[in-house]
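Single-structure report; data block below.
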Amino acid sequence: MLSQVCCSGFQLLRHRLLPWAQPTAPSRLHRVQPSAIRNVRSWSNIPFITVPLSRTHGKPFAHRSELKHAKRIVVKLGSAVVTRGDECGLALGRLASIVEQVSVLQNQGREMMLVTSGAVAFGKQRLRHEILLSQSVRQALHSGQNQLKEMAIPVLEARACAAAGQSGLMALYEAMFTQYSICAAQILVTNLDFHDEQKRRNLNGTLHELLRMNIVPIVNTNDAVVPPAEPNSDLQGVISVKDNDSLAARLAVEMKTDLLIILSDVEGLFDSPPGSDDAKLIDIFYPGDQQSVTFGTKSRVGMGGMEAKVKAALWALQGGTSVVIANGTHPKVSGHVITDIVEGKKVGTFFSEVKPAGPTVEQQGEMARSGGRTLATLEPEQRAEIIHHLADLLTDQRDEILLANKKDLEEAEGKYQAI
């Protein structure tokens, strides 16, 4: 009897003081509802925020401000985000920050999914280490430092690297998510999982069951067995195995996701290659603007490049999923880039099907600055004539201007009262 009392007292103390130490996955006999799990996690240092998440899937969000209502979100991590600058090994700091942001959103009641690269880079690091250890002591002693470095960088087959690195990559994710009392599950897919109808239904059912149990699926292509990419592979109903961008888009549409976030090593989509002097970041991209964009080369370790990301984003947008392409490597913004996007902040490039009738605020500002510079180069008489003409236009359109101002004030007051 005394032992039972002590045991129950210890469990109560553990429940109150160590909420993060509770079991992360319910047993088969005593299944806990996801809402109960989230209530327990709300006691930890991660704030629980109640937001209206439910919406009918079908059309993507028209504006950034609507992204806060996203219920189901896919985050795609590019190779440049996951790997270090030396292209060998993982960027642990960035991964930890991403896991923390995903955990915050998961604990808000959202359904998060990750599409990750990095198995090849992690496996390359492990295999190089094994090759170094396999060198005999005599070889190590009689080889100079430079020769030893050259011996340690052999040409490694990508599939072998993926096979050696996938288990370690998943173990790392699992250890990080455990710190936030979140369970993660690994899913490896190939083209056959989307070609074959039965396998497709099985994949869909598995993902829905994991999300129902409040588990974060971590998806990657099974690079250890996939064949080489076909030169003309596209997104005609299947994924392209040469990059994870199309996999993320295919997964987002298949799971009727509200938002797809594609993280890379660039700020977003530029109208010309980012290295050029006249390159400008595109805030909102519309499907009809493809002809106005000049694509550059792919990233240092990625398989797709920006053109592949845009194609995947437009395909997902057509399937009813909102898309944002942003930088996941910049040290000043990578620590909160995912949460900032969900909050509707101006981060990266937002893909939208709704194009405004007039120019955006940024475009109006640029036009005003350009007009001001042009006005400064004119003669005084010419400037006076233009200013008088503008004054006449303001007087003639006085009623329309006052009506528009009144409408803006009413909308602002309504938003303020809602807050």
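Before moving on, here are some points about what is shown:
- GLU362 being exposed (fewer than 14 other Cβ atoms within 10 Å of the Cβ), acidic (Asp, Glu) and over 27 Å from the mean Cα position of the chain (by Cα): no
- Top-ranked residue of region 333-353 - restricted to ones that are part of a loop (DSSP other than H, G, I, E, B), farther than 14 Å from ASP283 by Cβ and not hydroxyl-bearing (Ser, Thr, Tyr), ranked as modelled with the highest pLDDT: GLU343
- Candidates SER97, SER134, SER117, filtered to the one that is at pLDDT below 90 and under 23 Å from THR257 (Cβ atoms): SER117
- Leading residue by the ranking (farthest from SER65 (Cα to Cα)) among those in region 368-419 that are in a helix (DSSP H, G or I) and of a type in the set (S, T, N, Q): GLN382
- Checking each residue in region 341-375 for being free of Cβ contacts under 8 Å to residues at least 60 places away in the same chain and touching a Lys or Arg at 6+ places or on another chain (Cβ under 8 Å) picks out only LEU375.
- Meets criteria (modelled with pLDDT under 90, assigned by TED's automatic domain parsing to the domain that holds THR116 and out of contact with any Leu (no Cβ under 6 Å at 6 or more places or on another chain)) for GLY205: no
The values are calculated or read from the model by the stated rules, or taken from the named source; none is laboratory data. Because the structure is a prediction, the values reported are computed rather than measured. Methodologically, a virtual Cβ is constructed for each residue, glycine included, from the backbone with ideal geometry; neighbour enumeration extends over all protein chains shown.
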